[in-house]
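The values are calculated or read from the model by the stated rules, or taken from the named source; none is laboratory data. Bear in mind that the values here come from a model prediction, so they are computed numbers and not experimental data. Backbone-built Cβ (ideal geometry, glycine too); neighbour counts: all protein chains shown.
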Amino acid sequence: MARLKPARDVFDLTGRGALVTGGGTHLGAAMARALATYGARVCIAGRRSSPLDETVAELTAAGLDVRSRVVDITDADQVDQVVADVTTELGDLSIMVCNAGASTENQFPPDQPIQTFLDTLHSHLVGTFSCAQAAARSMRDAQTAGSIITISSMQGSVASDPRLYAGLDMTYRSGPAYQSAKAGIIGLTRNLAAELGPLGIRANCISPGFIPKSTANPDFVERGRRGNALGIVGQPDDLAGAVVLLASDAGRFINGHNLIVDGGWSIW
């Protein structure tokens with residue numbers, strides 16, 4: 001039997017190239033920081049250059065190897081080009097984190113326009129597939145034993161609680177389109193795991209729980225805290241361990257898994 005590597009070695013990502021979509025802010029920026037901290041050469045991608053530039057400046061100042069690319073994940077041609085460029089620049093694409101996705105839902109379901117539903121599906125679900133597909137092609141062609149990590153949500157597995165939003169003046173709520181897209185991402189990931197596994201490419205999903213942005217409505221945040229089994233609110237860095245596990249050799253036998261990181265919200 002082969003000897004186990006020390007724990008510090010199985011999490012080491014030195015020399016591996018990683019692309020994180022939606023990497024300029026919030027969860028994406030935290031996951032990019034985690035991958036780079038463990039040695040990966042990271043490219044963050046997103047639609048707007050300003051947050052990307054700010055995150056690159058912050059992480060490079062900390063001595064991490066990070067750069068950025070502008071891309072709209074709803075445009076498959078752009079995604080293909082960015083993946084090709086990043087693979088060439090990094091010399092390797094071993095890790096793909098499909099994090100980007102935009103939503104505009106704020107209507108009660110009976111009143112939601114169909115186009116809003118379709119736009120959210122396109123951004124979250126179709127965009128995730130485009131990114132995973134482009135990465136899979138790159139890994140296959142380079143014969144890379146890679147890791148594709150999709151980002152769903154606890155609400156891909158449990159219903160959104162409308163009481164979180166009741167009476168609050170919010171421009172966004174988790175509605176039927178978001179939940180459908182996030183549930184679809186879990187199913188997509190399992191299919192990718194089955195299809196790509198024989199190539200040595202793993203596909204896994206992370207489903208974050210209640211991790212509000214710093215600008216979130218304080219009443220909304222307090223409602224989320226009370227609904228969590230731990231009685232706390234998640235922070236972006238709470239995803240660091242999950243993404244490094246699934247990207248590294250520590251997770252070499254994890255494939256097709258949906259890792260829920262929600263502090264126990266979904267146990268109720």
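Among the residues that make up segment 166-184, is at least one of them small (G, A, S) and at positive phi? Yes, because at least one residue in segment 166-184 is small (G, A, S) and at positive phi. Just to be sure I understand, how many residues within segment 165-188 are within 19 Å of the chain's Cα centre (by Cα) and either more than 25 Å from G224 (Cβ to Cβ) or among the hydrophobic types (A, V, I, L, M, F, W, C) (or both)? Qualifying residue count, segment 165-188: 7. G28 fulfils the conditions (1) more than 27 Å from A142 (Cβ to Cβ); (2) touching a residue at least 12 places away in the same chain (Cβ under 8 Å); (3) among the small types (G, A, S) except for a single criterion, (1).
Do any helices (runs of 4 or more DSSP H) lying entirely in segment 3-84 carry at least 2 residues that are touching a Ser or Thr at 6+ places or on another chain (Cβ under 8 Å), and which ones are they? Write out each step before concluding.
On the way: elements: 7-10, 26-37, 49-61.
Here the list reads 26-37, 49-61.
Residues that are touching a residue at least 40 places away in the same chain (Cβ under 8 Å) and not in a helix (DSSP H, G or I) within segment 237-263 comprise S248, R252, I254, N255, G256, H257, N258, L259, I260, V261, D262, G263, listed in sequence order. Taken together, the residues in segment 224-262 that are basic (K, R) and buried (at least 20 other Cβ atoms within 10 Å of the Cβ) amount to 0. Taken as a whole, the condition of being assigned to a helix (DSSP H, G or I) and touching a residue at least 40 places away in the same chain (Cβ under 8 Å) applies to T120.
In the set S157, S103, which member is among the small types (G, A, S), surrounded by fewer than 21 Cβ atoms within 10 Å (Cβ to Cβ) and more than 30 Å from G251 (Cα to Cα)?
Details: S157 fails: more than 30 Å from G251 (Cα to Cα).
Unique residue meeting the criteria: S103.
Return yes when I211 is closer than 24 Å to G101 by Cα and either under 19 Å from the mean Cα position of the chain (by Cα) or not in a helix (DSSP H, G or I) (or both) and no when it is not.
On the way: closer than 24 Å to G101 by Cα: yes; either under 19 Å from the mean Cα position of the chain (by Cα) or not in a helix (DSSP H, G or I) (or both): yes.
Taking the combined requirement at face value, the residue satisfies it.
Among the residues of segment 169-203, the one identified as aromatic (F, W, Y) and under 26 Å from A247 (Cβ atoms) is Y178.
Checked against (1) touching a Cys at 6+ places or on another chain (Cβ under 8 Å); (2) surrounded by fewer than 19 Cβ atoms within 10 Å (Cβ to Cβ), R69 passes all but condition (2).
Please work out if S50 is modelled with pLDDT of 95 or more, hydroxyl-bearing (S, T, Y) and touching a strand residue (DSSP E or B) at 6+ places or on another chain (Cβ under 9 Å).
Numbers: modelled with pLDDT of 95 or more: yes; hydroxyl-bearing (S, T, Y): yes; touching a strand residue (DSSP E or B) at 6+ places or on another chain (Cβ under 9 Å): no.
No: the conditions fail for S50.
Put simply, of L64, L27 the only residue that is at pLDDT 95 or above, within 21 Å of D238 (Cβ to Cβ), surrounded by fewer than 22 Cβ atoms within 10 Å (Cβ to Cβ) and in contact with a helix residue (DSSP H, G or I) (Cβ under 6 Å, 6 or more places away or on another chain) is L64. When the residues of segment 72-100 are filtered to those that are within 15 Å of G23 (Cβ to Cβ), of a type in the set (V, I, T) and free of Cβ contacts under 8 Å to residues at least 60 places away in the same chain, the one that is surrounded by the most Cβ atoms within 10 Å (Cβ to Cβ) is I73.
Filtered by the rule that a residue be of a type in the set (G, A, S) and either touching a Pro at 6+ places or on another chain (Cβ under 7 Å) or within 23 Å of R202 (Cβ to Cβ) (or both), segment 252-268 gives a lone residue, G256.
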